[in-house]
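Here the structure comes first, spelled out in structure tokens, and everything after it is commentary.
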Amino acid sequence: MSGSNGLLVDLKNVDKVFKRGAEEIHVLGGLDLEIPEGEFLALMGPSGSGKSTLLNLIGGLDRPSAGSVTVGGQRIDKLSDRKLASWRARHVGLVFQFYNLLPVLNASRNVELPLLLTHLSAKKRREHVDTVMSVVGLSHRMKHYPRQLSGGEQQRVGIARAIVTDPTLLLCDEPTGDLDRKSGDEVLELLQTLNREQDKTIVMVTHDPHAAARASRTVYLDKGQLSLEPVE
Amino acid sequence: MKYLRLILSNLKRKKLRTALTALSITVAFLLFGFLAAVRIAFDQGVQVAGLDRLVVRHKVSIIQFLPESYRDRMERIEGVDLAVHATWFGGIYQKPSNFFAQIPVEPGPFMEMFPEYILEPQEREAWLATRTGAIVGRVTADRFGWKVGDRIPLQATIWTKKDGSNSWEFDLVGIYEGAEKGTDTSQFFFRHDYFDEARQWGEGQVGWYYVRIKDPERAAEIAEAIDVEFANSPAETKAEPEGAFIQGFANQVGNIAKIFMAILSAVFFTILLVAGNTMAQTVRERINELAVLKAVGFTDRGVLGLVLGESCLLAAIGGFFGLALSWLFITIKGDPTGGALPIYYFPAKDILIGVLLVLFVGLAAGILPSLQAQRLQIADALRR
């Protein structure tokens with residue numbers, strides 16, 4: 001999926017402005033970011049620095065006010081809403097801080113959700129779900145509903161849902177933010193494994209230096225600008 | 001089909017709310033079914049009335065009698081093919097609530113006038129041969145468990161016998177079926193000659209006439225000719241097409257179709273508010289989940305379809321259950337008045353309208369919430 005230069009994600013001169021009534025809030029200003037395929041990038045910064053906004057732009061969940069967002073050689077900021085949705089379904093896996101599982105579906109049905117958008121048969125979908133549930137170590141929890149799972153287990157189901165379509169890019173927004181240290185470590189271990197053994201490119205937003213230490217590179221975001229060093 | 005489980009799961013999220021909403025939709029469609037059957041009870045007589053038949057009654061009122069001798073004079077009027085008379089008997093079988101119409105007629109001409117009453121040839125012969133013979137429609141025969149050969153006692157409320165008694169007895173010689181679903185098979189017919197000879201008063205008098213005309217196009221002209229024939233006599237007539245005559249009866253209750261529409265409009269408006277509120281609530285509660293669906297790749301239209309599908313499924317569960325229940329009640333239990341509505345069924349046309357109405361309720365209740373879901377911005381919605 002990577003572009004000809006080996007870059008998977010290439011953001012150029014990206015601005016993001018939110019309008020709140022007459023007021024304009026500049027979250028990102030002229031930001032450039034390149035992420036090679038196969039990288040595990042940690043994105044750190046204080047609250048309100050625009051980390052999640054940046055993650056949303058990379059994942060096609062939002063559009064920049066200016067600049068370009070190229071992922072896998074494709075200008076996703078130029079895609080129509082319908083094509084962007086289809087692109088997300090094929091190329092991006094999302095892991096959220098609060099898991100965002102559907103409470104009315106059991107673990108396997110939650111994981112199956114992105115596969116409903118494919119042409120796979122029910123049998124094939126079940127096979128894919130079985131595989132990823134075993135990757136995250138939850139084969140014994142298939143029929144459990146989110147309320148019957150611990151936070152760590154819910155997050156692992158969330159990761160299974162993110163990887164079930166075998167996307168190239170995994171975007172994680174504070175994946176350990178709601179977990180205790182032990183569960184958090186298990187989740188980070190899993191993300192590292194996915195990065196190392198399955199070549200998933202991972203962008204992880206985190207406040208936690210301990211989590212960021214698992215990444216192969218860390219960048220810092222403050223006042224809409226990136227730096228390689230934490231801003232004091 | 002693969003999304004059905006997702007839609008069903010969402011409906012099961014708040015079981016009590018879903019059940020109550022579905023139940024209210026069920027009640028609305030139950031009412032729709034019953035009102036459709038009641039409307040047809042008032043309407044169907046008009047629809048199946050013979051186009052070539054006139055009804056001739058006394059100009060003042062139907063309870064005033066006409067001479068039996070009018071029949072020959074009517075049949076001499078140009079364009080008239082056949083005239084038969086009938087009289088209201090108004091007897092009671094066992095108790096007043098066992099209402100059904102009892103009418104003395106002349107069997108031969110009567111059967112010729114009403115080919116929609118289907119009688120076996122041997123039953124017809126038996127009726128012609130039995131002076132105290134009577135025939136009854138299938139609905140009433142089934143209602144009281146009567147069979148051919150039974151002796152049916154009726155207590156007269158109008159017609160006392162010459163011996164001072166009010167007890168009339170008839171031999172049931174036939175059970176007629178209706179040629180169409182809407183044919184009234186609740187009536188009880190017996191022989192006029194027996195009635196006329198045994199009654200204490202009113203000999204030679206009848207209640208009204210049915211007149212068959214050769215050309216339905218000339219109905220108004222012939223009706224006028226009949227009225228002119230008996231003008232300035234002690235018993236002036238009012239002749240009109242059978243459909244208009246039946247409609248006149250129905251209009252005494254009111255404009256049934258208008259009442260039907262008014263009640264249903266009020267009920268369905270309320271149901272739309274109930275179901276619409278349920279769907280609006282369910283979307284408000286799931287803003288974050290809908291955003292997740294979009295985030296994993298569901299399109300705006302896909303999410304709209306899911307919410308609309310949920311609304312339609314809710315309407316379908318409640319609506320089809322209501323339609324099925326009303327069909328069952330109407331078909332199995334029949335006329336709830338015990339005879340006042342002899343033509344009482346849930347017409348196929350109204351069932352089809354009901355099905356379309358189910359779809360309409362689902363779409364109308366779900367359209368605004370589903371548009372709201374469609375317009376959700378993922379990044380904004382995920383923050384909520």
Rounding to the nearest 10 and keeping the result within 0 to 90°, find how far the Cα-based axis of helix A:181-197 lies from the longest principal axis of chain A. 80
First measure r as the distance between the Cβ atoms of A:LYS123 and A:ARG181, then evaluate 1/(1 + (r/R0)^6) with R0 = 41 Å and state the FRET efficiency to the nearest 0.05. 0.55
Translational diffusion coefficient, Stokes-Einstein: compute it for the stretch B:66-192 using the Kirkwood radius over C-alpha pairs as Rh, at 20 °C and 1.002 mPa s, and state it as an integer in µm² s⁻¹. 139
For the stretch B:365-384, list whatever residues lose no less than 10 Å² of accessible surface once every protein chain is in place, relative to that chain by itself, with the probe at 1.4 Å. B:ILE378, B:ALA379, B:LEU382, B:ARG383
Long-range amide H partners of B:GLY90, meaning residues 5 or more apart or on another chain whose placed amide H is closer than 5 Å, are B:GLN102
Report the full-extension gain for the segment A:GLN148 to A:ARG75: residue separation times 0.36 nm, less the Cα-Cα distance, to one decimal in nm. 22.2 nm
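Keeping the other protein chains in place, figure out the carbon and sulfur percent of the accessible area of the protein assembly as shown, with a 1.4 Å probe.
So the carbon and sulfur contribution to the accessible surface is 55 percent.
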Heavy-atom accessible surface buried between B and A, both sides counted, 1.4 angstrom probe, nearest 100 Å², is 2000
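Given Cα pairs under 8 Å that are at least 6 residues apart, what percent is the relative contact order of chain A? Show your work: numbers first, answer last.
Details: 450 pairs, mean separation 65.7, N = 232.
Worked out over chain A, it gives 28 percent.
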Amide H to amide H, which residues 5 or more places from B:VAL148 or on other chains are under 5 Å from it, using H placed in the peptide plane? none
How far is it, in nm, from the label point at A:GLN192 to the one at B:LYS349 when both lie 7 Å from their Cα along the line to the Cβ? 7.7
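Among residues other than A:ASP130 whose Cβ falls under 11 Å from its Cβ, what is the net charge (Lys/Arg +1, Asp/Glu -1)?
Working: positive: A:LYS123, A:LYS124, A:ARG125, A:ARG126; negative: A:GLU112, A:GLU127.
Net of charged neighbours comes to +2.
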Rough spin-label spacing in nm, given labels placed 7 Å along Cα→Cβ, for B:MET1 and A:ASP130: 2.1
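Could you check what % of the DSSP bridge pairs in the stretch B:46-251 are antiparallel, to the nearest 5? Intermediate values should be presented prior to the final figure.
On the way: 29 of 38 bridges.
Taking every DSSP beta bridge within the stretch B:46-251, about 75 percent pair in antiparallel fashion.
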Here the residues of the stretch A:112-130 whose accessible area is at least 20 Å² smaller with all protein chains than in the chain alone (probe 1.4 Å) are A:LEU113, A:PRO114, A:LEU116, A:LEU117, A:ARG125
When the label point is put 7 Å from the Cα of B:GLU112 along its Cα-to-beta-carbon vector, which residues of the stretch B:205-249 have a backbone N closer than 17 Å? B:209-215
Mean accessible area per residue over the protein assembly as shown (1.4 angstrom probe, all protein chains present, square angstrom) is 46
Degrees between helix A:122-135 axis and first principal axis of chain A (Cα, 0 to 90, nearest 10): 70
Residue span B:GLN247 to B:ARG301: 0.36 nm per residue of separation minus Cα-Cα distance leaves a gain in nm of 14.4 nm
Using the alpha-carbon atoms, what tilt in degrees (0 to 90, nearest 10) does helix B:348-375 show relative to the longest principal axis of chain B? 20
Take every Cα pair under 8 Å in the stretch A:127-232 that's 6+ residues apart, average their separations, divide by the length, and report that relative contact order as a whole percent. 21
Rank A:VAL104, A:LEU191, A:LEU41 by how far each Cα sits towards the positive end of the charge dipole of chain A (+1 on Lys, Arg Cβ; -1 on Asp, Glu Cβ) and give me just the farthest. A:VAL104
Taking each pair of distinct Cα atoms in the stretch B:160-269 once, what is the resulting Kirkwood hydrodynamic radius in Å? 18.6
Rounded to the nearest 10 Å², the accessible area of B:PHE99 using a 1.4 Å probe with every protein chain kept is 90
As I understand it, the dipole of the stretch B:46-251 uses +1 on the Cβ of Lys and Arg and -1 on the Cβ of Asp and Glu, about the Cα centre. Which of B:ALA220, B:GLY108, B:THR183 lies farthest toward its positive end? B:THR183
Add -39500 (n - 2.57) for each DSSP H run of 4 or more in chain B, then divide by its residues: what number comes out at 222 nm, to the nearest 500 deg cm²/dmol? -17000 deg cm²/dmol
Of the listed pairs A:LYS124/A:LYS200; A:LYS182/B:LYS294; A:LYS51/A:LYS200; B:LYS12/B:LYS294, which have alpha-carbon separations greater than 27 Å here? A:LYS182/B:LYS294
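The values are calculated or read from the model by the stated rules, or taken from the named source; none is laboratory data. What you see is a predicted model; the values in this text were computed from it and never measured. Cβ: placed from backbone, ideal geometry, glycine included. Neighbour counts: every protein chain shown. Ligands, DNA and RNA are stripped out before the accessible areas are found, and what is left, the full protein with its side chains, is counted by its heavy atoms. Shrake-Rupley method; radii C 1.70, N 1.55, O 1.52, S 1.80 Å.
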